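Worksheet: one structure, shown below.
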Amino acid sequence: MTATAPSRTVNLDAWEMVVGLEVHVQLKTRTKLFCSCSADFGAAPNANTCPVCLALPGALPVLNERAVGLATRAALALNCTVQPVSIFARKNYFYPDLPKGYQISQFDKPLALDGWIEIGTRAAGSPIRIGITRVHMEEDAGKSVHDRFPGVTAIDLNRSGVPLIEIVSEPDIRSAEQAGAYLRVLKQILEYVDVSDVNMEEGSLRVDANVSARRRGETKLGTKTEVKNMNSFSGVERALEVEFARHVGVLEAGGMIEQQTMLWDGTAVRPARSKEGSHDYRYFPEPDLPPLILATEWIDQVRKDLPELPAARRARFAEDYKLSEYDIEVLTANARLADYYESVARAHGEPKAAANWVMGEVMATLKTSGEDVARFRVRPADLASLLGLVRDGVVSHTAAKQIFTRMVATGDPPAQIAEREGLIKIDDDAQLAVWLEEVIAENPAEAERLRNGEKKLQGVLIGAVMKKSKGRADPKKLNQLLTARLTS
Amino acid sequence: MSARSCAALRQETAAGRITASDTVRAAVARAREVGAGREGLNVFVHRDDADALKQAGALGERLADTTPGALLGVPVAIKDNIATLTMPTTCGSRILEGYVSPYEATVVKRLREAGAIPIGKTNMDEFAMGSSTEHSAYGPTRNPIDHARVPGGSSGGSAVAVATGIVPIALGSETGGSVRQPAAFCGIVGVKPTYGRVSRFGLVAFASSLDQVGVFGATVDDAARGLGAVAGHDPMDSTSANIPVPEYQAGADAGVKDLVVGLPKEYFPASLDPEIRRLCDAAVERLRGLGATIREVSLPHTDLAIPVYYIVAPAEASSNLARFDGVRYGFRLEGEGLRGMYEATRSTGFGAEVTRRILLGTYVLSAGYYDAYYRKAQQARSLIADDFRRVFESGVHVLFTPTAPSTAFPIGAISDPYEMYLSDIFTATANLAGVPAMSLPIGRLGGLPVGGQLLAPHFDEARMFAAAYALERALGEEAHR
């Protein structure tokens with residue numbers, strides 16, 4: 001059974017979509033959650049393994065403190081209450097890529113509870129707030145490789161034991177669009193607090209969606225299905241639309257939704273082969289690990305160390321730099337870009353000019369090269385001094401763009417480039433007058449027409465001087481000189 | 001026949017009067033003698049005599065330039081559920097057939113660092129589930145005093161290795177009496193330290209919240225030195241405690257003058273074998289004679305121990321043994337698809353008792369039964385722990401009880417699992433409460449050894465050893481008659 005659309009025309013508008021999302025995020029630690037193996041992505045199969053993550057007899061887990069720090073940081077950024085005592089629990093099930101036969105997770109006493117994030121504003125102006133039920137820590141399983149060797153499944157345990165947090169939302173999401181917004185805001189926050197690479201392609205962020213449908217006005221929740229296997233945010237949105245439509249189709253036809261796991265294949269959903277819903281995971285407290293006890297002072301310190309979050313940063317950019325809403329959205333897309341912009345703006349002192357350059361030249365260059373702004377060769381201080389040269393009339397805007405290109409290529413400071421390449425603006429009246437006379441002599445007809453009032457020819461003549469000066473002539477001064485010359 | 005003591009071996013080896021190689025050669029010869037013939041005791045499941053001799057030789061070479069380790073030149077036997085590098089680690093189970101660990105248990109590493117030489121892996125009830133060492137894939141181990149009887153279990157092989165004088169000390173493991181009960185049945189000393197005192201890293205887990213590596217010794221002093229060598233914090237075991245380890249042999253002359261010894265009445269029920277009671281009374285009188293104050297106390301929740309134990313231990317075991325799935329190591333039997341492979345591997349690889357406990361444990365953790373069984377058992381477990389806390393807070397320093405309700409029983413005599421479980425009735429409490437406990441010989445009945453048990457507050461093994469030293473000395477040869 002597959003479903004791409006409801007089997008007959010139904011009135012989707014009479015129904016409300018109810019969605020809760022479970023998001024798994026890989027924490028950015030050097031090592032795994034319970035052993036000292038590297039947590040890096042992309043090593044040769046089973047290269048990053050040891051007795052602990054291979055589940056050899058007698059091996060025991062030891063908790064990675066750095067992972068606890070990152071998980072706590074994430075939970076606080078999502079406005080959760082971090083619990084002073086949380087308990088690791090075993091989730092028991094058999095699968096070849098789960099070497100211990102259980103996953104160490106957290107169950108009835110998770111790391112953090114009761115958070116929320118805001119994903120936008122309603123028409124009426126109130127914020128759309130999505131509740132976060134819990135954030136808990138757990139280890140990843142390994143990977144079953146079905147297509148590497150004909151007829152057999154291979155197991156790669158590099159991922160086994162990699163630290164994850166699971167972020168479970170309340171069923172507060174009412175549309176596919178809201179689900180997309182929730183994921184984008186969540187990703188942005190996690191990026192800002194630097195706890196994860198949040199990269200869906202590399203699997204450092206994974207999304208499962210619980211979806212149900214109910215008639216508008218109904219307050220009870222309908223039977224839900226869990227949709228898995230989406231590999232992009234837009235995939236989540238499309239999968240939700242399709243699954244919701246399937247629910248409505250079944251319900252309108254008088255049918256019942258079966259609680260089950262559905263897999264998204266990029267265009268359609270189909271039921272997962274194994275009856276995952278019927279698993280009894282036999283959770284019980286992990287006896288190999290003592291309860292995780294976090295001192296209030298420690299939690300407070302993590303809170304104090306939180307960087308500015310996206311919403312606060314957007315508000316401050318509006319206040320401090322008086323930027324347009326659009327500029328703010330672009331410049332705060334991620335913390336590194338915002339940091340970059342802010343350094344340029346502060347050093348230069350003219351926020352709008354800084355914004356124009358960062359959103360223009362800088363972002364265009366980064367887009368072409370695919371580079372991250374954090375590693376961009378043109379450092380904020382150098383960009384600010386280039387902007388200073390423009391403002392102070394030392395170089396023309398045209399020359400500044402040439403200088404910027406050289407900065408990208410060489411990393412040299414702008415003044416040095418301007419000097420070396422002879423790009424410093426020439427405002428010496430004598431030199432400008434010489435060029436002007438030459439141009440008038442070379443273009444007598446145009447000069448005459450300008451004298452007779454054809455103002456548009458001013459630009460033509462100025463352009464010719466600029467060309468002659470290789471862009472160095474000060475156009476403002478040139479304008480004055482030309483006007484004076486032809487009206488005298 | 002007993003081996004030379006740890007203290008003597010260390011002194012003689014350090015002085016150059018004997019060599020570790022000679023000691024190991026003698027131990028190997030004795031092991032061959034004990035294991036030989038139809039009546040062989042079946043002590044070891046793996047031995048690498050050549051490697052043991054090589055290690056002993058290497059020890060001799062570095063003798064000159066190092067301070068002698070606490071167990072210099074001492075041959076030791078290791079229970080087969082403790083990971084060793086050169087010998088297989090199979091837990092007495094077919095499912096780990098041929099498995100050799102690529103890493104070494106912390107306790108084995110510490111023994112070797114102290115100058116001891118592991119000479120072999122000893123037989124055990126499969127995955128330490130049993131009280132008789134009959135339920136091993138390698139067949140039963142026999143009691144050295146009466147070959148028709150069991151040595152106790154599950155650490156029966158290690159107990160017999162010490163009792164027959166092959167080695168002065170051996171490592172066992174305890175989940176519910178698996179060191180103390182065989183020590184009692186074989187007439188030697190067996191110690192279960194406080195939960196967290198000794199690293200479990202490399203001990204193949206049965207029930208993680210109860211498991212502890214234990215030590216057998218021919219004498220109290222051997223056991224004290226053996227425990228001292230392996231005890232202490234290990235960063236590889238998150239449940240190991242970072243509490244300093246005193247020199248237990250310092251208690252040898254401490255005496256019991258200021259000691260208050262409690263006799264919990266629940267351990268001396270009307271149904272207790274009167275002869276065992278008589279031997280206990282005699283031991284208590286010795287302690288009184290040495291100046292100890294004897295006080296009757298009560299541990300009212302003692303009768304919950306067996307039911308609680310047989311819920312908690314199988315529950316944890318059902319999860320701990322899930323890793324033996326035929327995928328990565330050990331025994332594997334193909335079947336129809338993945339599920340078929342799991343079923344074939346596990347139903348063939350595990351013996352009946354292990355299978356029974358996995359099923360029991362899976363059941364008590366199941367949705368709908370968790371609260372009625374596992375949660376309730378954990379609540380009852382804390383009542384048992386509270387009993388001990390209250391008694392020790394009331395000024396009692398150590399408790400004295402019988403170790404087991406009977407002497408060694410004939411091989412094959414107990415076929416009802418529940419009856420077998422009852423042989424842990426006096427020992428399971430210490431595992432549930434996490435307190436240290438030990439068994440030492442207090443006499444014989446019809447030629448078969450009887451053990452007396454001492455229990456102490458958490459991490460107060462030193463006081464327990466002091467009492468044991470005094471009692472051992474006071475009983476003298478009486479303990480073995």
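Points worth noting:
- Filter pass, A:I128 being assigned to a strand (DSSP E or B), surrounded by 20 or more Cβ atoms within 10 Å (Cβ to Cβ) and either under 29 Å from the mean Cα position of the chain (by Cα) or within 11 Å of chain B (Cβ to nearest Cβ) (or both): no
- Residues (in contact with a Lys or Arg (Cβ under 8 Å, 6 or more places away or on another chain) and outside any helix (DSSP H, G or I)) located in the stretch B:327-369: B:F331, B:F350, B:G351, B:S366, B:A367
- In the stretch A:37-59, the residue that is surrounded by the fewest Cβ atoms within 10 Å (Cβ to Cβ) out of those that are at negative phi and more than 14 Å from every other protein chain (Cβ to nearest Cβ) is A:A44.
- For the condition surrounded by fewer than 24 Cβ atoms within 10 Å (Cβ to Cβ), of a type in the set (A, V, I, L, M) and within 14 Å of chain A (Cβ to nearest Cβ), B:V100 qualifies.
- The stretch B:164-205: number of residues that are within 16 Å of B:T133 (Cα to Cα) and aliphatic (A, V, I, L, M): 5
- Qualifying residue in the stretch A:96-118 (condition: β-branched (V, I, T) and crowded, with 23+ Cβ neighbours inside 10 Å): yes
- Residue check for B:R295: over 19 Å from B:S154 (Cα atoms), of a type in the set (K, R) and more than 12 Å from chain A (Cβ to nearest Cβ): yes
- The residue that is nearest to the other protein chains (Cβ to nearest Cβ), among those in the stretch A:85-102 that are aliphatic (A, V, I, L, M) and assigned to a strand (DSSP E or B), is A:A89.
- The stretch A:177-200, residues that are under 11 Å from the mean Cα position of the chain (by Cα) and not in a loop (DSSP other than H, G, I, E, B): A:L183, A:R184, A:V185, A:L186, A:K187, A:Q188, A:I189, A:L190, A:E191, A:Y192
- Residue match in the stretch B:300-322 (condition: within 14 Å of another protein chain (Cβ to nearest Cβ), part of a loop (DSSP other than H, G, I, E, B) and either at positive phi or without any contact (Cβ under 8 Å) to a residue 12 or more places away in the chain (or both)): no
- Enumeration of residues in the stretch B:75-97 that are assigned to a loop (DSSP other than H, G, I, E, B), more than 10 Å from every other protein chain (Cβ to nearest Cβ) and of a type outside the set (S, T, Y): B:D80, B:L85, B:M87, B:P88, B:G92, B:E97
- Only listed residue being under 26 Å from the mean Cα position of the chain (by Cα) and closer than 25 Å to A:L56 by Cα, chosen from A:V152, A:V68, A:V135, A:V82: A:V68
- Among the residues of the stretch A:201-221, none qualifies, meaning not one is of a type outside the set (A, V, I, L, M, F, W, C), assigned to a helix (DSSP H, G or I) and out of contact with any Phe, Trp or Tyr (no Cβ under 7 Å at 6 or more places or on another chain).
- Scope the stretch A:110-125; condition in contact (Cβ under 8 Å) with a residue 40 or more places away in the chain and either in contact with a His (Cβ under 8 Å, 6 or more places away or on another chain) or within 14 Å of another protein chain (Cβ to nearest Cβ) (or both); matching residues: A:L111, A:A112
- Just one residue in the set B:V450, B:V391, B:V398 is surrounded by fewer than 24 Cβ atoms within 10 Å (Cβ to Cβ) and either modelled with pLDDT under 95 or not small (G, A, S) (or both); that residue is B:V391.
- Here A:V18, A:V62, A:V82 are screened, and the one residue that is aliphatic (A, V, I, L, M), in contact with a Cys (Cβ under 8 Å, 6 or more places away or on another chain) and either farther than 30 Å from A:H146 by Cα or away from every other protein chain (no Cβ under 14 Å) (or both) is A:V62.
- Residues that are in a loop (DSSP other than H, G, I, E, B) and of a type in the set (V, I, T), drawn from the stretch A:414-466: A:I424
- Residues in the stretch A:225-261 that are assigned to a loop (DSSP other than H, G, I, E, B) and surrounded by 20 or more Cβ atoms within 10 Å (Cβ to Cβ): A:M230 only.
- For the stretch B:189-200, a residue qualifies if it is crowded, with 24+ Cβ neighbours inside 10 Å and within 14 Å of chain A (Cβ to nearest Cβ), and the qualifying residues are B:Y195, B:V198, B:S199, B:R200.
- Candidates are the residues of the stretch A:263-281 that are touching a Leu at 6+ places or on another chain (Cβ under 9 Å) and basic (K, R); the one that is modelled with the lowest pLDDT is A:R273.
- Subset tally (residues that are crowded, with 17+ Cβ neighbours inside 10 Å, at pLDDT below 90 and of a type outside the set (A, V, I, L, M)) for the stretch A:403-443: 2
The values are calculated or read from the model by the stated rules, or taken from the named source; none is laboratory data. Here the structure is a predicted model, which means the values were calculated and not measured. With ideal geometry, Cβ positions are generated from the backbone for all residues, glycine too; neighbour counts draw on all protein chains shown.
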